[in-house]
Structures are given as structure tokens and as C-alpha cells.
1. So which of B:ILE102, B:ILE33 is free of Cβ contacts under 8 Å to residues at least 24 places away in the same chain and either within 14 Å of chain A (Cβ to nearest Cβ) or crowded, with 21+ Cβ neighbours inside 10 Å (or both)?
2. Can you find, within the stretch B:9-26, the residue that is surrounded by the most Cβ atoms within 10 Å (Cβ to Cβ) among those that are more than 9 Å from every other protein chain (Cβ to nearest Cβ) and within 9 Å of the chain's Cα centre (by Cα)?
3. Quick one: B:PHE135 ticks every box in (1) modelled with pLDDT of 95 or more; (2) closer than 21 Å to C:ASP8 by Cβ; (3) crowded, with 18+ Cβ neighbours inside 10 Å except a single one, so which number is it?
4. Among what's in the stretch A:71-118 and is within 14 Å of chain B (Cβ to nearest Cβ) and of a type in the set (S, T, N, Q), pick the residue that is surrounded by the fewest Cβ atoms within 10 Å (Cβ to Cβ).
5. Of the residues B:SER134, B:SER69, B:SER60, B:SER64, which is of a type in the set (Gly, Ala, Ser), touching a residue at least 12 places away in the same chain (Cβ under 8 Å) and out of contact with any strand residue (DSSP E or B) (no Cβ under 8 Å at 6 or more places or on another chain)?
6. Scan the stretch C:39-52 and tell me whether some residue there is in contact with a Ser or Thr (Cβ under 6 Å, 6 or more places away or on another chain) and away from every other protein chain (no Cβ under 11 Å).
7. Does C:GLU64 meet the test of being away from chain B (no Cβ under 14 Å), closer than 27 Å to B:GLU128 by Cα and surrounded by fewer than 16 Cβ atoms within 10 Å (Cβ to Cβ)?
8. Working only within the stretch A:27-58, note down all residues that are closer than 12 Å to C:VAL67 by Cα and in contact with a His (Cβ under 9 Å, 6 or more places away or on another chain).
Amino acid sequence: MKLSVVVLEGPYTHEASDSAYNLIQAALKKGHEINGVFFYHDGVYNVTKFMEPPQDDRHISRRWMELGEKGIDIVVCIAAGLRRGIVDKIQTSNVRISGLGQLAKMILESDRVIVFGD
Amino acid sequence: MNESSEVRNVMVVVRKAPHGTIYVQEALEVMLIVAAYSMNISVVFLDDGVYALKKGQDTSELGSKPFMSAFRALVDWEIEHVYVDRDALKNRGINENELTEIGEDENTGEPVHPQVLSHKEIYKLMQEQHTILSF
Amino acid sequence: MGYLGSEDIVLLIEDGVYAAAAGTVKSGLIEKLLEQNEVYALQADIKARGLEQLIKKVKITDYEGFVDLIEQHTPQSWL
């Protein structure tokens with residue numbers, strides 16, 4: 001199955017980002033394809049490079065960056081991002097900023113789309 | 001599984017009230033884009049989401065953008081399938097005639113209103129969707 | 001709950017799993033739901049919250065089971 005994942009909430013405050021990440025790992029393990037991850041609403045906060053959680057906790061933006069390194073398309077919505085001051089230069093690597101058209105494309109290209117939010 | 005050459009049925013579900021949070025406003029931005037990509041879009045307002053379609057909203061004293069005016073032009077943006085849950089309206093004391101229009105019929109110029117449906121009818125629509133986006 | 005057909009499956013995740021706890025004032029709602037639908041709860045979230053007594057007939061699944069459910073059904077997130 002070609003799956004796209006939408007994340008609507010920011011890191012740590014809501015579990016959405018963790019649930020999405022864990023689901024993606026399980027899907028990859030089962031041999032499915034992740035067509036893309038789209039961050040919207042406060043989800044745009046998930047991939048900033050200045051995140052510094054405590055050493056013994058998961059590093060959320062790094063996790064997304066690592067998925068991006070594997071070739072998964074990690075996209076931050078430009079409209080939601082700009083509104084919240086999320087610009088290119090504070091993004092971690094292997095993620096990109098794009099318009100809502102990218103979400104539309106993900107819907108067109110995927111078999112399933114799942115939304116994680118509050 | 002589905003090929004992308006079929007027109008996809010995509011439903012946007014709004015269950016939260018406007019203004020206290022940004023969900024309704026940003027859901028509207030998604031509706032406009034999905035429609036622009038020629039997908040067969042329906043929008044359903046359930047639970048507190050029905051407040052988003054209430055006439056007479058005025059955000060001037062909040063100082064925030066009056067994004068809700070865009071709901072009055074949904075039809076112009078090719079978004080015609082707009083539905084509201086009947087029980088949600090009733091439970092919130094909202095009459096159907098308090099709902100905003102969503103545009104004008106291009107032939108007759110008559111105002112178009114969202115359709116008020118029962119749970120069951122909305123459920124049937126949900127069954128027909130390729131993707132359901134909740135905000 | 002008014003939007004469910006008999007073929008639909010409910011998966012409880014995150015704080016939603018609290019609904020699967022037995023002996024709460026809301027347990028009756030889930031029991032009613034179970035008369036018509038299969039209800040699953042995500043194991044990782046159940047464990048995290050230390051929920052031991054679940055409503056009978058609520059099934060537990062892991063993330064891989066979650067993936068399977070998505071493959072078999074069009075998901076709708078009830079946020």
C-alpha cells in the first residue's frame with residue numbers, strides 16, 4: 001500500500017507526531033511505501049533544527065530527518081509554516097517546504113491517507 | 001489499488017468551532033486547494049463545526065482575519081457539496097435559516113445553501129470517499 | 001457513534017484508549033458500540049497509561065495491526 005501521513009500537531013505537546021512516526025515505522029517494516037508526510041497546523045513545528053530535548057528523550061526533528069534521509073518525502077506546508085515563522089533556514093535537513101498542492105498530490109498518489117491530530 | 005487517473009472523492013470533515021482555534025480556518029485553505037486539483041470534494045460540518053457556518057460572525061474586535069467570508073463563495077471555488085449535520089444544529093439551537101449561503105447558482109443567481117443531512121445520510125457519503133481529511 | 005455502519009471498525013489510540021477502560025461512567029457507550037462493531041485499542045497507548053482492566057471484547061492491537069487496519073479500511077480520524 002502507498003500511504004501518506006498528515007500530522008496536524010506540534011512535537012512533544014501532542015502525541016500525534018509520535019503516533020505518526022511509530023505507524024510509519026510499522027508500515028515500512030511490513031514493506032509498505034510511504035508516499036509522503038505532510039505537516040500542517042502546528043505540525044510544522046516538528047522539523048526545526050534547533051530542537052534540544054533532554055538527552056534521555058526522543059529527538060523528534062531528528063527522527064523525521066532520518067526518515068527523510070531514507071528518501072521519504074517530508075513536507076512542511078508553506079502557508080501554515082510562514083504563519084508560524086517556520087522558514088527554510090530553521091528546518092532540519094532532508095525536509096522541504098511546499099504548498100498545499102503537495103498535500104493534494106499526496107492524496108492523488110496514495111492508496112490511503114491517514115491524519116494524526118488532536 | 002486505485003489508480004490516480006480516477007477522480008478521487010475527498011471529504012473534509014470539520015468538527016471544531018471557529019475562532020478559538022485555527023483548525024476551521026486552515027481546513028478552509030485545504031478545501032480550496034483540493035477543489036483546485038479537480039478532486040470531487042465534499043465538506044461536512046459536524047458537532048461544533050456547524051458553528052463555522054453561522055451567519056453574522058464578526059471578528060473585527062478580535063483583530064483577526066475575517067476568513068469566514070470565504071464560506072460565502074465556496075460555490076465559486078467549485079465547492080458545492082457542503083453538508084451540515086441536522087442533529088448538531090438542533091443540539092446547538094441553530095436554525096437552518098441561520099446558516100450562511102455558500103454562493104450563488106451560476107444559472108439562476110439564486111443563493112445556494114449548505115444541505116442539512118441526518119447522521120445516516122452523512123454516513124452514506126463517508127462510505128463513498130477515497131480519503132477523509134479531519135481537522 | 002452515529003456515523004458508524006456495521007462493517008466499520010473503531011480503533012482507539014492515544015488518549016482515546018481511556019474509553020476502553022472497564023468500570024467507568026462511560027463504559028456503557030463502548031459496550032453499546034461493541035454490540036455492532038469491532039473495537040480495537042492500541043497496545044502501546046494502553047501500556048503507557050497502565051490500563052489493566054479493559055472492557056470485555058475490546059481487542060488489543062499493535063502498530064503493525066494498525067497498519068493492517070488502514071490497508072483494509074478507509075481510515076477516518078475522529079479528532
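1. B:ILE33
2. My answer is B:VAL14.
3. Result: B:PHE135 passes all but (1).
4. A:SER98
5. When all the criteria are applied, what remains is B:SER64.
6. yes
7. Criteria met by C:GLU64.
8. None; the set is empty.
The values are calculated or read from the model by the stated rules, or taken from the named source; none is laboratory data. Please read all numbers here as calculations on a predicted model, not as lab measurements. With ideal geometry, Cβ positions are generated from the backbone for all residues, glycine too; neighbour counts draw on all protein chains shown.
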